[in-house]
Amino acid sequence: MNEAISIGASEKITTDEGQCFLNKGDLFQRYDVLPLKAVEKISLSAVIDNIDRLVDFFRVDFRIWSKMYPEQEINGYYQFYI
């Protein structure tokens, strides 16, 4: 099993006023393990539509972690200004 890994990823997108557009806990929940080669590069993306007002920015919080080795994780955030 050394060529496979179990990962998790979460993403939350909020507006400058705190309105939440997306809040997903574990995007890889349905996968027990994935081939190590398949997770060498991970990207998360989202499309936001139906915006009913002007927004100064969106804040995107993310976390990607290994379920097999909990000390291995990447987390952070960025703000996307419009």
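None of the figures in this text is laboratory data; all of them are computed from the coordinates on show. Please read all numbers here as calculations on a predicted model, not as lab measurements. Here the Cβ is made from the backbone with ideal geometry for all residues, glycine too, and neighbour counts use every protein chain on show.
Structure summary
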read-out	value
Trypsin sites (Lys or Arg not before Pro) within the chain, DSSP loop, no more than 12 other Cβ atoms inside 10 Å	Arg30, Lys41, Arg53
Residue order, fewest to most surrounding Cβ atoms within 10 angstrom, among Tyr31, Tyr77	Tyr77, Tyr31
Charge dipole of the chain about the Cα centre (unit charges at C-beta), most positive-ward option of Ile74, Ile7, Leu22	Ile7
For the chain: relative contact order, % (alpha-carbon pairs under 8 angstrom, 6 or more apart)	36
Computed E for Ile82/Ile42 - FRET, C-beta separation, R0 25 angstrom, nearest 0.05	0.45
Cβ charges +1 (Lys, Arg) and -1 (Asp, Glu), total dipole of the chain, debye	180
5 angstrom amide H check on Ser6, placed H, neighbours 5+ away	Leu34, Lys67, Met68
